[in-house]
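Laboratory data are not the source of any read-out in this text; all were calculated from the coordinates shown. All values reported here derive from a predicted model rather than from experimental measurement. Cβ placement follows ideal geometry from the backbone for every residue including glycine, while neighbour counts extend to all protein chains displayed.
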Amino acid sequence: MSAADGTSVQERTDKLEGLGCKRKRVEDARFTQGKGKYVDDMKLPGMVFGDFVRSPYGHARIKKIDKSKALALPGVKAVLTADDLKPLNLHYMPTLAGDVQAVLAVDKVLFQGQEVAFVVATDRYIAADAVELIEVEYEDLPCVIDPLKAMDKDAPVLRHDLEGKTEGAHGARRHHNHIFTWEVGDAAATDKALGSAEVVAKEFLSYQRVHPCPLETCGCVASMDKINSHLTVWGTFQAPHAVRTVASLISGIPEHKIRIVSPDIGGGFGNKVGVYPGYICSIVASIVLGVPVKWIEDRIENLTATAFARDYHMTGEIAATKDGRITALKCHVVADHGAFDACADPTKFPAGFFNICTGSYDIPTAFLSVDGVYTNKAPGGVAYRCSFRVTEASYFIERMIDVLARKLNMDPAEVRRKNFIRKEQFPYKSALGWEYDSGDYDTAFDKALAAVDYKGLRAEQKKNREDFAAGKTRSLMGIGIAFFTEIVGAGPVKNCDILGLGMFDSCEIRIHPTGSAIARLGTISQGQGHATTFAQILATEIGLPASMITVEEGDTDTAPYGLGTYGSRSTPVAGAATAMAGRKIRAKAQMIAAYLLEVHDSDLEWDVDRFQVKGAPDRFKTMQEIAFAAYNKAIPGIEPGLEAVSYYDPPNMTYPFGAYICVADIDVDTGVTAIRRFYALDDCGTRINPMIIEGQVHGGLTEALAIAMGQEIAYDENGNVSGGSLLDFFLPTAVETPAWETDFTVTPSPHHPIGAKGVGESPNVGGVSAFSNAVCDAFAHLGLTHTQMPHDHWRVWKTAQKLGLVE
Amino acid sequence: MIPAAFDYHRPASLDDAVKLLAQYGDEARVVAGGHSLIPMMKLRLAQPGHLVDLQDIAALKGIKDTGAGFEIGAMTTQREIIQSAALTAACPILKEAAEQIADPQIRYCGTLGGNVANGDPGNDMPAIMLALDAVYLAKGPAGTRELKARDFYESAYATKLKEGEILTTIRIPKPPAGHGSAYVKQKRKIGDYATAAAAVVLTMSGGKCASAAVSLTNVGDTALFAAAAGAALVGSSLDQAAIDKAVQAAVGIAQPSKDTRGPVDFRKSVAGVMVRRAIEAAAKRAR
């Protein structure tokens, strides 16, 4: 239908580049030309550089630190140790998990790579030279490396600072290396169901320690303006406002005198959520010296000292009827948190949202218990491209379903189908306490199985196994299925906060007189493309082209308060705030249009980019006209201007889901696994920008491949870390990455203003178990039920060896 | 990842480079493509006081066909080796190996001389040189001397090169026309050192193996020349029994250490698989 100005609805809709448009990323013009502005690009007059002396030991007493030689080196401005921070009460800092972490080692070092002293010098080279000149005398102590032995009676005491502290942030501590125990569900009913079940499958699943490894490492520039007592910190922060509040609480500097800026960020993946000693030391040094202090980690420091992910050791028991109906699920986790509990989870969730571990299945009874323990490893436990331990939970249930399928001698696809939560059961209340918002699992699963010709693949596999047995091939084919359900968009303030800060988010919009706009949000893009997608949400809501809307984030002096970007929360929370702020704009615009058209508000209807008189579409005012009127007409009863702010407290989480299928070929003689095919169907509700979604899925699947097939931060018994450089830490290149096939269904979230659920993390959450299931499946006919990740060459070969396939 | 201070020298002639080495003694290190030395310096595992960069010395570059073989300047890059049609036609294993080194960007900088002279057991080219029976020319204050590749490697990072000497030229005899060769490498990802790799160069005559050279990468503290493995193939029709024997002989000299690539038994086993696959590929290519 044509409007009065001769343009069709479709033409006007296309011009907006709003929801559903494969709009090119506006950020890429600068990124692809090397013109991004990252924290290490910052150069300020008089700026000096910090560097750390780090512990070579996993556990040792510090007997003496001699900094005299370093201080004598020309260009060295200061050397800080814990003794210098103690008078300021900054030798420990609070962690996001309610623990404290040593900013600089106090009396002892607790992990290899721990920060012992901070050197500040006039250039980066002198700082590194000075690090070498600081003499630290250590007395080696025995390490706790195996988390399963951390609570042994005779295990060494790691945290002397907690001696005698029987109450932790999450309840009673029953051992000197115990952090918390978290229990969810009905233990008695679950045990009863397990005891009376027709079939019970049990397995121990170890999800190794990995690291988010963003391409840009962590860093900051701290600048204390002593004249105005104003502190500015530019840094790699995924949650700048939270950093501001925490910095104020720790330092005593009033919050209005602190400005935190996140410039362009080269990937975060959870690694840049927490607060690191480098930030504190840089701030202290800037306050002491009165000049800006820059600190940038190198790759080894990033991999070995900043926040790791996973390190969950899970024992699962799953009960079912003989025909495959699941009756109960039990899970016990030993969670290795390293030397300090610096997990990044909402306060009330010490194991994050791991209790989503009943997955996509209608499981009547379940019980979960998680024991967090201290070890001599780096602190962390962040959500590496996932929402708070959801990847661990998804891996757990998707692997357990396959383990059960083996035990039942059923096809793993069949077991899944039999136990799916049905479309009509939503909103669905899970046995472990979540209310799933929406889903249509059967439709998605059918589409996925058909797309890969699942029956055909199983027939091909049968032939492959016959050929292998006959000695015609040395390659085994594996088919891995994952049907994951995520829980993202933290979260409702009633149960989600970080350090007492509710996990709402925000958007502030200003429409300029000429019909362009700026939107500021409390989130911060680290590559997600917010400047592109949030403009699209707004374009559809307010009828101005996305290209006319600037999206700005990351500067706490200008952006409204928000909790940042991680846990796929930006679209579910800040995206909702954006839509709601847009609707406030539209509501005011409607009143202005009514005045201009001399009709009553209720006589108008919205049509793509304008308000028109109902039944008389040739009488209309475009949003651009309305914007101008807002600034140049004196309208009775309406304030000038066109601005809105929305703070959005989501009523629920969102629950994206997907069906992933992996086909792998394993060379048993070398242990090399080739990924022949990977099909990923994602349902993230309303799709804002399909191209960005596809890019997110490609990136997340590549990380999932890395985790499943090779990534590991490993420690030997003396606490020496391996995997701390990109020589060993598996970061796949284009060569190692297979071609990804993406697909989708759309099941909107019923409570989100535009029905979007978030997608950034789904491929990591769902991908890992699909790869792992494919590897296990390749050997399933030989009796293998499970083998631990990562499925690197030697481990796969060892599996083949144990099964007698190689000598 | 910040190196210690050093002085940087960029001589324009080989004589000047040799003089600089004589002047600074064990304080000085030559740098070719820099892809082994510079990371070591950034980790401060190497702290040379003087870095003598060879890249301006024209005499160290280029591939010369001498009829009987090739003389390759030490500063010839891996990319130049891959691009050389003459080299690939006469001795295809060089291209095959070079293409398995790191990634294209590194191959633009990394040199053959640096790869063979550094003595890193993880480098790929030493094993190729062992299989091809190459000779290295080394120039020092006392002049130039010839060193057989098969005698050159002593232990990790230790070679027959004396202090003050620069490896200038790699002399490679042309394998007979119709020879078959292969370099088969298992690695975890692009840019990784081999879990194990094997080079094989062999000739066939009347259905029988007339000559065979087998060598291994990164399963010992130097590249390894598996003389017995080659001998096991000569005279055979490259039947399973002969290949089994060769594999056994090659694995017998492999002494890999446990590392993040895997435990000893795995890496030995992979070495055997690599040798077997290299023999099979070389046999297919031989005429």
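For the residues of A:794-801, the average number of beta carbons from a partner chain within 10 Å of their own beta carbon is 4.
If you count Lys pairs in region A:256-406 whose Cα atoms are under 27 Å apart, skipping same-chain pairs closer than 8 places in sequence, the total is 9. Counted by Cβ distance under 15 Å from A:Pro732, the other residues give a net charge of -3, where Lys and Arg count +1 and Asp and Glu count -1. Remark on A:Gly658: its backbone amide H falls under 5 Å from those of A:Phe484, A:Asp683, a criterion applied only to residues 5 or more positions apart or on other chains, H modelled at 1.01 Å from N. For the listed residue pairs A:Lys423/B:Lys189; B:Lys187/B:Lys284; A:Lys429/A:Lys462; A:Lys67/A:Lys165; B:Lys160/B:Lys185, the alpha carbons are over 31 angstrom apart in A:Lys423/B:Lys189; A:Lys429/A:Lys462; A:Lys67/A:Lys165. Only Lys, Arg, Asp and Glu carry charge here, each on its Cβ (+1 for the first two, -1 for the last two); on that basis region B:60-173 has a dipole of about 280 debye about its Cα centre. Exposure proxy ranking for A:Leu162, B:Leu21, A:Leu329, based on other Cβ atoms within 10 angstrom of each Cβ and starting from the fewest, stands as A:Leu162, B:Leu21, A:Leu329. Peptides A:768-774, B:156-162, ordered by how many other C-beta atoms sit within 10 Å of their residues on average, highest first, read A:768-774, B:156-162.
Scanning chain A for helices, which whole DSSP H stretches are 18 Å or more long along the axis (Cα) and average -1.0 or more by Kyte-Doolittle? Numbers along the way, then the final one.
On the way: long enough: A:390-408 (27 Å, 0.37); A:454-469 (22 Å, -1.86); A:576-597 (31 Å, 0.55); A:690-709 (28 Å, 0.86); A:762-778 (25 Å, 0.47).
Span-like helices in chain A: A:390-408, A:576-597, A:690-709, A:762-778.
With neighbours defined as other Cβ atoms within 10 Å of a residue's Cβ, the residues A:Lys192, A:Lys494 order from fewest to most as A:Lys494, A:Lys192.
Can you pull the Kirkwood radius for region A:418-474, inverse mean 1/r over Cα pairs, to one decimal in Å? Please list the in-between numbers first.
Numbers: mean 1/r = 0.0699 Å⁻¹.
The answer is 14.3 Å.
Could you calculate the FRET efficiency of A:Glu414 with B:Ile190 from 1/(1 + (r/R0)^6), where r is the beta carbon distance between them and R0 is 41 Å, rounded to 0.05? Working from the Cβ atoms, E equals 0.55.
Working note: 222 nm ellipticity from helices only, DSSP H runs with n ≥ 4, each -39,500 (n - 2.57), summed and divided by the residues of the protein assembly as shown, gives -8500 deg cm²/dmol to the nearest 500.
Can you sort A:Arg795, A:Arg619 by how many other beta carbons sit within 10 Å, fewest first? It would help to have the intermediate numbers written out before the result.
Details: A:Arg795 21, A:Arg619 16.
Fewest-to-most ranking of A:Arg795, A:Arg619: A:Arg619, A:Arg795.
Partner aspartates and glutamates whose Cα lies under 17 Å from the Cα of A:Lys407, excluding those fewer than 8 positions away in the same chain, are identified as A:Glu198, A:Glu203, A:Glu317, A:Asp323, A:Glu398, A:Asp777.
Mind checking B:183-195 for the average number of partner chain beta-carbons within 10 Å of each residue's beta-carbon?
Numbers: counts 0, 0, 0, 5, 2, 11, 11, 5, 5, 4, 1, 0, 7.
That average works out to 4.
Place +1 on the Cβ of every Lys and Arg and -1 on the Cβ of every Asp and Glu in region B:60-173, take the dipole about the Cα centre, and give the residue among B:Met125, B:Gly67, B:Ile101 whose Cα lies farthest towards its positive end. Farthest along the dipole direction, towards plus: B:Gly67.
Placing +1 at every Lys and Arg Cβ and -1 at every Asp and Glu Cβ, with all other atoms neutral, what dipole size does region B:7-52 have around its Cα centre, in debye to the nearest 20? Walk me through the numbers before you get to the answer.
Working: 5 positive and 5 negative charges, 46 e Å.
Dipole of region B:7-52, to the nearest 20 debye: 220 debye.
Neighbours of A:Leu162, meaning other residues whose beta-carbon lies under 11 angstrom from its beta-carbon, give a summed charge of -2 when Lys and Arg score +1 and Asp and Glu score -1.
Rank-order A:456-464, A:712-720 by packing density, defined as the average count of other C-beta atoms within 10 Å over each peptide's residues, highest first.
Working: A:456-464: 14.0, A:712-720: 17.9.
By packing density, highest mean first, the sequence is A:712-720, A:456-464.
Projecting the Cα positions of A:Ile688, B:Gly230, A:Met151 onto the charge dipole of the protein assembly as shown (unit charges on Cβ atoms of Lys, Arg, Asp and Glu, taken about the Cα centre) puts B:Gly230 furthest along the positive direction.
May I ask you to order A:634-642, B:144-152, A:567-575 by the average number of other C-beta atoms within 10 Å around their residues, highest value first?
Details: A:634-642: 11.6, B:144-152: 16.3, A:567-575: 31.3.
The densest-packed peptide leads the list: A:567-575, B:144-152, A:634-642.
For region A:108-117, backbone phi angles converted through the Karplus equation (6.51, -1.76, 1.60; θ = phi - 60°) give residue-by-residue couplings of 9, 9, 10, 7, 5, x, 5, 6, 10, 8 Hz, Gly and Pro being listed as x.
What number comes out for the charge environment of A:Phe504, summing +1 per Lys or Arg and -1 per Asp or Glu over other residues with Cβ under 12 Å away?
Residues near A:Phe504 contribute -1 overall.
In plain terms, the chain from A:Lys64 to A:His698 could stretch by 223.2 nm, reckoned as 0.36 nm per residue minus the Cα-Cα distance.
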